[in-house]
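Every number in this text was worked out from the coordinates using simple rules, so none of it is lab data. This structure is a prediction, so every number in the text was calculated from the model and none was measured. In this analysis, Cβ positions are derived from the backbone assuming ideal geometry, glycine residues included, and neighbour counts consider all displayed protein chains.
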Amino acid sequence: MKIQYKDQNTIIFESTIFRTTSTVIQTADAIFVVDPNWLPFEVEHIRQYVEANRRGRTLYLLFTHSDYDHIIGYKAFPDAKIIASQAFVDMPNKEKCLQEIRDFDDQYYLERPYEIEYPKVDIVVKEEAQQFRIGDTVLTFYSAAGHNADGIFTIIEPLGIWIAGDYLSNIEFPFIYHSSVEYERTINKVGKILVAHDIKIFVTGHGDFTTSTEEVKRRQEVSVAYIQKLRKAIQDSENINLSAHWSPIPFPKTMKYYHDGNVKLMLKELM
């Protein structure tokens, strides 16, 4: 399985599919696994890595949001404690997420050595800037709705790791499934977070990590520009293609599909 980044505490795995990341973070007190995914052999590779390095520490699974590709490896870690948002717990379409996993596996003849279930959450993030401490490790959470309704940003200190889920990717413009207004509000937290925390590694759900806060700011600016230009184009009945934002990205046919989805969502918002 491809490794994007590795140091003594952190390893970022990258799936073959959609360049989806799964990050394993080791501290003196615990091991955290973020969104283990996609293919069965990839999830097993992550599981084996965790077990080889666990050394009796408590294992936590952190789910950035409930999209099926991010929860697909849940039951491969049966004794882990689960961290996710209150909205993740309350998500009304749990069965839809599970059916998407089943459909994916059925389409590609995939068999998994674990059951498909929606994660049962042990540590629920209910408030903005809520913190969870274990020993010297502190996790600070920020709500991150917009892509979908139940996302969270997580800052892991003192390592300075920002787990962003499906935001601020260098290979995707905003994929908006829930709300463009909330999406914009979420990514406008960048400045506040960078002031409040000493970020050393930024991890997006799809694409490349970065150690540059200037790159994080650049991704924010690009994302905000896309949302605002698309909203204005719809309001003014102008060209909504905006191909300059998605055609340079690899796999432009797929990018256009997601852009068209954003158009449909914003049309409903602005009606």
If you average 1/r over every pair of different alpha-carbon atoms in the chain and take one over that average, what Kirkwood value in Å do you get?
19.0 Å
Which value, in nm² and rounded to one decimal, describes the direction-averaged projected area of the C-alpha convex hull of the range 18-93?
5.3 nm²
Counting only C-alpha contacts under 8 Å and six or more residues apart, can you give the relative contact order of the range 43-182 as a whole percent?
21 percent
Treat the range 19-60 as a sphere of radius equal to its Kirkwood radius over Cα pairs and apply Stokes-Einstein at 4 °C in a medium of 1.567 mPa s; give the translational diffusion coefficient in µm²/s, rounded to a whole number.
122 µm²/s
What span do the alpha-carbon atoms of the range 123-167 cover on each of the three principal axes, reported in whole Å from largest to smallest?
32, 19, 14
Quick check on packing: order 257-264, 211-218 by the mean number of other C-beta atoms within 10 Å, highest mean leading.
257-264, 211-218
Largest first, please: the extent of the C-alpha atoms of the range 34-169 along each principal axis, to the nearest Å.
43, 37, 28
For the modelled label position 7 Å from the Cα of K264 along Cα-to-Cβ, which residues of the range 170-194 have backbone nitrogen atoms closer than 20 Å?
173-183
Kindly provide the pair-distance distribution of the range 134-271 built from C-alpha pairs, with 10 Å bins from 0 and whole-percent values in order of increasing distance.
12, 42, 31, 12, 3, 0
For the range 217-222, Karplus couplings with θ = phi - 60° (6.51, -1.76, 1.60), whole Hz, Gly/Pro x:
5, 4, 4, 4, 4, 5
Counting other Cβ atoms within 10 Å, keep those with at most 13, restrict to DSSP loop, and tell me which chymotrypsin sites (Phe, Trp or Tyr not before Pro) in the range 192-241 are left.
none
Percent antiparallel among DSSP beta bridges confined to the chain, nearest 5, equals 65 percent
Under 5 Å, built H, 5+ apart or other chain: amide partners of S85:
V125
Under the definition of Cα pairs under 8 Å and six or more residues apart, what whole-number percent is the relative contact order of the chain?
13 percent
I need the phi-derived Karplus couplings for the range 124-137: 6.51 cos²θ - 1.76 cosθ + 1.60, θ = phi - 60°, integer Hz, Gly and Pro marked x.
9, 8, 10, 10, 5, 6, 4, 10, 10, 10, 9, x, 8, 9
